[in-house]
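Step one of this worksheet: look at the structure below.
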Ligand code: CMP
């Protein structure tokens, strides 16, 4: 089934100038870019985006990290896009991610892991809406 998912390239990867290379990995895998924008989340917005992790020991560090600079927010489309993107992105900790995955190539540690990728249809819908990527006409 043709499906949409959401990915966010994290601030340190954007700052290192890796946005284009990460997007190229996704496009090469057949994921089509439907929407894309750069934006800088406030700490409050970062808290909202990662609400499911509130209370975890790393939560405040995660909020500070994600709100430290601009991110690249992207809607991608493909058959089975959610599963395909998660496989391409790899495990949360880049040290545990398989060879050939984005996190293995671009991630630094389990916080600075290059990208976020939606884990299920409901979260993909929520995250696309959170970033205001649903309003205008389809690309
Ligand atoms: P992401 O897939 O965006 O979802 C939650 C994020 O929290 C995760 O990627 C990492 O950036 C971060 N994270 C997850 N586990 C840890 C951890 N143990 N320590 C620090 N950061 C973490």
Each label sits 7 Å from Cα toward the beta-carbon; between residue 129 and residue 29 the label points are separated, in nm, by 2.6
Listed with the fewest Cβ neighbours within 10 Å leading, 123, 101 appear as 123, 101
Ranked on Cβ counts within 10 Å of their own Cβ, fewest leading, 8, 1, 38, 26 go 1, 38, 8, 26
A chain fully extended from residue 15 to residue 60 at 0.36 nm per residue, minus the present Cα-Cα distance, gains in nm 14.1 nm
With label points set 7 Å from each Cα along the Cα-to-Cβ direction at residue 53 and residue 1, the distance between them in nm comes to 2.8
Debye calc, one equal point scatterer per Cα of the stretch 77-129, no solvent, log10 I(q)/I(0) at q = 0.31 1/Å comes to -1.10
Kirkwood Rh for the stretch 2-130 from C-alpha pairs, in Å, is 14.5
Exposure proxy check on 59, 49, 6: fewest-to-most Cβ neighbours within 10 Å is 59, 49, 6
Summing -39500 (n - 2.57) over every DSSP H run of at least 4 residues in the chain and dividing by its residue count gives a helix-only mean residue ellipticity at 222 nm, to the nearest 500 deg cm²/dmol, of -10000 deg cm²/dmol
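Rule-based calculations on the coordinates, nothing more; no lab input. This is a predicted model, so every value here is computed, not measured. Quick reminder, even Gly has a Cβ in these numbers, built from the backbone with ideal geometry, and neighbours come from all protein chains shown.
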